[in-house]
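The values are calculated or read from the model by the stated rules, or taken from the named source; none is laboratory data. In this text the structure is predicted, and so the values were computed from the model without any measurement. Here Cβ is always computed from backbone atoms with ideal geometry, including for glycine, and neighbour counts include all displayed protein chains.
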Amino acid sequence: MSTPLDRRPNLVEASEEHWMPPVYRPGGAWTAVRDRLLRFLDLQAGTIWSDLSQVLPSVTGAVVDVGCGAQPYRPLFAPSVKYVGLDYATTRETFRDQAPDTLYYTGDRWPLESETADFVLCTETLEHVAAPDGFVAEMFRCLKPGGRAVLTVPFAARWHFIPHDYWRPTPSGLDRVLRGAGFTNVRVCGRGNTLTVACYKGMAVVYALLTPRQLGPVAAWLSRLLGLVGVPVMLALATVANLAKDRPGSVDFLGFTVTVEKPA
């Protein structure tokens, strides 16, 4: 017997996403202006940049940026750091070129010697790791005693890089995984709050209207027209969200920024 569930798509069969955000790439003055505007509209990237800009400029020594992609946060490090990026070999297809100073690898073991990194950065990567315990153990192995790591993970975020987006960790889950690997001083801070999440979801509706899929020609154009009418609303929501993003939240967040240490 057919049920309403049978008429809804089986998302396990999805192989691509509806819309992909722009790739943030280090560049010149024009790129910096463009990226600042994009971070104003992309609340996830904007709040991550805001948090990391308070930490990364003071980092020294050997830095590993795991899951580095196009290395959008590398400019926040001082030029004196010894930087190396790590990423899966398959990501070269996603970003369409090879980032400089990056080691691409396959398998579960990082291509680094043990206890060689002073600092590990891991942004919006853990949700793409199906078995996070082993990944975090590699982070612990590569850090020097007394080394630090900063991770960011999404929470109220769209399903992305389909099908390789596996989970949304909570503070409790992050604490369990990180302490289980041996890390101490685990601190999980929320990015945004209920208001920023509401604005984020409202902006997503406008994005969806502007980029319709699986609609006929007439319905698609009507969707785009509604999206254009909604652009001022989207800009207003982005303004409210950016003004409110630093207010503390309670149970609903855009994501989390995590700091940990390896015992000395």
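Within the stretch 196-219, can one find any residue that is in contact (Cβ under 8 Å) with a residue 60 or more places away in the chain, of a type in the set (Lys, Arg) and assigned by TED's automatic domain parsing to the domain that holds Thr123? For the stretch 196-219, residues in contact (Cβ under 8 Å) with a residue 60 or more places away in the chain, of a type in the set (Lys, Arg) and assigned by TED's automatic domain parsing to the domain that holds Thr123: absent. Against the numbered list (1) loosely packed, with under 13 Cβ neighbours inside 10 Å; (2) touching an Asp or Glu at 6+ places or on another chain (Cβ under 9 Å), Pro169 comes up short only at (1).
Suppose the filter is of a type outside the set (Gly, Ala, Ser) and free of Cβ contacts under 8 Å to residues at least 12 places away in the same chain; does Arg176 pass it? Spelling it out, Arg176 is indeed of a type outside the set (Gly, Ala, Ser) and free of Cβ contacts under 8 Å to residues at least 12 places away in the same chain.
So in the stretch 71-82, with the set limited to residues that are surrounded by fewer than 19 Cβ atoms within 10 Å (Cβ to Cβ) and of a type outside the set (Lys, Arg), which one is modelled with the lowest pLDDT? Spell out the reasoning first.
Let us first name the residues in the stretch 71-82 that are surrounded by fewer than 19 Cβ atoms within 10 Å (Cβ to Cβ), namely 75-76, 78-82.
In the following step, the residues that additionally are of a type outside the set (Lys, Arg) were identified as 75-76, 78-81.
On the way: Pro75: 92, Leu76: 95, Ala78: 96, Pro79: 95, Ser80: 96, Val81: 97.
Looking at the filtered set, the residue picked out is Pro75.
Could you please let me know if Asp6 is modelled with pLDDT under 90, within 28 Å of Val206 (Cα to Cα), acidic (Asp, Glu) and assigned to a helix (DSSP H, G or I)? It is false that Asp6 is modelled with pLDDT under 90, within 28 Å of Val206 (Cα to Cα), acidic (Asp, Glu) and assigned to a helix (DSSP H, G or I).
Among the residues of the stretch 212-221, those identified as surrounded by 10 or more Cβ atoms within 10 Å (Cβ to Cβ) and modelled with pLDDT under 90 are Pro212, Leu215.
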